[in-house]
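Bear in mind these aren't lab numbers, they're just calculated from the coordinates by the rules spelled out. In this text, all values refer to a predicted model and were calculated from it rather than measured experimentally. Positions of Cβ are backbone-derived with ideal geometry, glycine not excepted, and every protein chain shown enters the neighbour counts.
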Amino acid sequence: MCRKKIDKRGLARDLSFNVASWVILLIFVLPIYYIIAGAFMTREEVYSGALFPKSLNLNNIGIALFDFNMLHFLGNSIIFTVIIVVLNLFFCALAGYALIKFDFPGRNILYVLTLVAMVVPPLVMIVPLYLEVRQFGWINTPLALIIPAFVSPFGVFLMRQYLSQVPDSYIDAARTAGYNEFEIFLKIIIPLSKPAMAALALYRFLFVWNDFFWPLLVLTGDTWMTLPVALQKFDAQYELSFYELKLATSLIGIIPIIILLIFASRILLRAMSRVGGIKG
Amino acid sequence: MKLQKAVKKQVIGLLFASPAIVYIAVFFLYPFLLTVYLSFTEYPLIAPPKFVGLDNFVTIFTRDATFGDSIYATVIYSVGFCLGIWILTPALSLFFNNKFKGRSFYVVIFMIAAMLGVVPSAMAWKVVLHPSLGIFNKLFFYSWGYTGQVDWFSSVNMAMPGMIMVTLASGIPFYSIYLIGALGGIPNHYYEVAKIGGASLFQRLRYVVLPSIKPIYLFVIVTSLISSFQMVSWFFLLTNGGPVNATRVLSLYIYNSAFYYYKFGYAAALTLVLLAISSILCYFALKVMSK
């Protein structure tokens, strides 16, 4: 962006686009803004509807984290999200690789079912899935969250699409070089699919981190409760009070999202524009 | 020898796919079939399911007043939400497709708004939309001299518009990401050729932009339609169906039936009704739109 002469018309255009952007974004930014601002406000400021905090006091965040134990729930959220994302990466890559590079009985059925599972709304599954998980005795154990999410149909689809670009000759060459099939997957396929895996990791991170309804149903005890559920329980228990703490807890919850998107928004953009490949 | 190799490859493929096969069977196919089975039973969780034939469906369509309320609420909500998404998403995506200084900053903010998470968003909206103290009413009503009280979420008339607005505030950015990604993929020379050829703005939209984003716009239309029937978390957090069933959408009613009244058979039947309605609507949406 090095212009020798300042282009006046370009400047006016940039300026008007920037003003328009702020007007458009105003309503979308409102919750983000108020989470950030409110987290630093005193209780009186929040309850008088102040626009800005007078000073940046960290009391709310400290009280929420330590006195109301949000640190523990934050830890749970991190543990679950990391485990699920890692499992998803491995198993989706494995299944995507099998679907595009191997011929086995039932391959097409598996692919079609993966697409259907991608489109069928999660709510349809919630009642029977709850009964199933209850039957397995997983309620209030980490398994209730991890096992029903260890494969992501979207992830399988994404990896299959991506790996279709890898030429078969790479794989054949590795076979001739004496690699066994699992070594090929680990040493050839996984390194090759890094861009798709980054996209999948980010996409799944955001969804697992934000997931609220399923953990609300299956993890009701304090031991394994995740941050969004803990925040909702806190809100329900102290209706109408402690909003400064609720906003502080919200801020803790959205910081990872903000950081990830500042650095990796392009990756997410790529992941989401890929789904356009399927027709409806 | 060669045959052996082919068989070996099939076995390896099956082996690699087996986690996904197990997943689809155990966490997709089986639960789906279970829903169908349970919809013909009465299942209060403390006793095994009791087969009752079509009783659940008969009750839903003839005797259940709450179901009627929930269908009414769902239709109002779905129309409001979908119209908002279908119109504003392409408009805003086209706006952010313009190249200007600072564009990527706004796109990142837009993406953060899309991915904020339902619980933190709900907390923020509860404060922001508070009738007398919230900054929303101050900014948009009271500072312009409006003296009445705007009771978001707690008055029968304003609860649903409030829910539509709040979910659009996260839905529009979310669906725009798909379109912004797709628009970014249109090669620049397409526009240039069209410009040189003397195409007007409208013609460029009609003949360059629209055809290249049509598949993903269809995707947005269908997925937003499906998700408008699924917004259970938002309603659970912000209104919980009130006031007087004004926002008890079908998804929330399913949740209530299962996890509040412990009528799992009835909830399964309601789930199938919801699935049927959204499938039929998607079918028509696709049929109309793909013309």
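Summary table
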read-out: Dmax and Rg, reported as Rg then Dmax, of the stretch A:162-258 (C-alpha, Å); value: 21.8, 68
read-out: Packing-based order for B:124-132, B:191-199, using average beta carbon neighbours within 10 Å, highest first; value: B:124-132, B:191-199
read-out: Angle between chain A longest axis and helix A:153-163 axis [Cα atoms, degrees, rounded to 10]; value: 60 degrees
read-out: Fluctuation leader among B:VAL75, B:VAL11, B:VAL118 - chain B, Gaussian network, Cα springs under 10 angstrom; value: B:VAL11
read-out: 222 nm mean residue ellipticity, helices alone, for the protein assembly as shown (DSSP H n ≥ 4; -39,500 (n - 2.57); rounded to 500); value: -22500 deg cm²/dmol
read-out: Chain B shape via C-alpha gyration tensor axes, a/c threshold 1.5; value: oblate
read-out: Residues A:ILE78 and B:LEU133, FRET efficiency given R0 of 30 Å [Cβ-Cβ distance, rounded to 0.05]; value: 0.30
read-out: Residue among A:LEU115, A:LEU89, A:LEU74 with the largest mean-square fluctuation in a Gaussian network model of chain A, springs linking Cα atoms under 10 Å; value: A:LEU115
read-out: Residue of B:PHE95, B:PHE153, B:PHE235 that the Gaussian network model of chain B assigns the largest fluctuation, springs spanning Cα pairs under 10 Å; value: B:PHE95
read-out: Pairwise label distance in nanometres, B:ILE277 with B:PHE95, each label 7 Å out on the Cα-Cβ vector; value: 3.2 nm
read-out: 0 to 90° range, to nearest 10: angle between helix A:227-237 axis and chain A longest Cα axis; value: 40 degrees
read-out: Span from the the stretch A:19-56 Cα centroid across to the the stretch A:115-160 one, whole angstrom; value: 37 Å
read-out: Separation of alpha-carbon centers, the stretch A:70-93 and the stretch B:195-247, rounded to whole Å; value: 30 Å
read-out: Cα-based reach from A:LYS233 at 13 Å (exclusive), listing aspartates and glutamates while leaving out same-chain residues under 8 positions away; value: A:ASP222
read-out: Shielding of B:227-239 by partner chains, average beta-carbon count, 10 Å; value: 3
read-out: Residue mean of other protein chain beta carbons inside 10 Å, B:84-96; value: 1
read-out: The stretch A:23-100 shape via C-alpha gyration tensor axes, a/c threshold 1.5; value: oblate
read-out: Separation of alpha-carbon centers, the stretch B:135-187 and the stretch B:81-131, rounded to whole Å; value: 9 Å
read-out: Cross-link partners of B:LYS5 among aspartates and glutamates (Cα-Cα below 18 Å; sequence separation of 8 or more within a chain); value: A:ASP103, A:ASP168, A:ASP172, A:GLU181, A:GLU183
read-out: Shape category assigned to chain A from the gyration tensor of Cα positions, a/c cut at 1.5; value: oblate
read-out: Net length gained if the chain between B:ASP55 and B:VAL193 were fully extended (0.36 nm per residue, minus Cα distance); value: 43.3 nm
read-out: Neighbourhood charge, 12 Å Cβ-Cβ cut-off, centred on B:ILE180 and excluding it, Lys, Arg +1 and Asp, Glu -1; value: +3
read-out: Neighbour cut-off at most 13 other Cβ (10 Å), DSSP loop, trypsin sites (Lys or Arg not before Pro), the stretch B:1-79; value: none
read-out: Pair A:PHE66, A:SER169: separation of 7 Å Cα→Cβ label points (nm); value: 6.4 nm
read-out: Estimated FRET transfer efficiency when R0 is 60 angstrom, pair A:LYS8-B:ILE46 (beta carbons, to 0.05); value: 0.20
read-out: In nm, spacing of pseudo-spin labels at B:ARG206 and A:THR42 (7 Å Cα→C-beta vector); value: 6.2 nm
read-out: Cα point-scatterer Debye curve for the protein assembly as shown, base-10 log of I(q)/I(0) at q = 0.08 Å⁻¹; value: -0.60
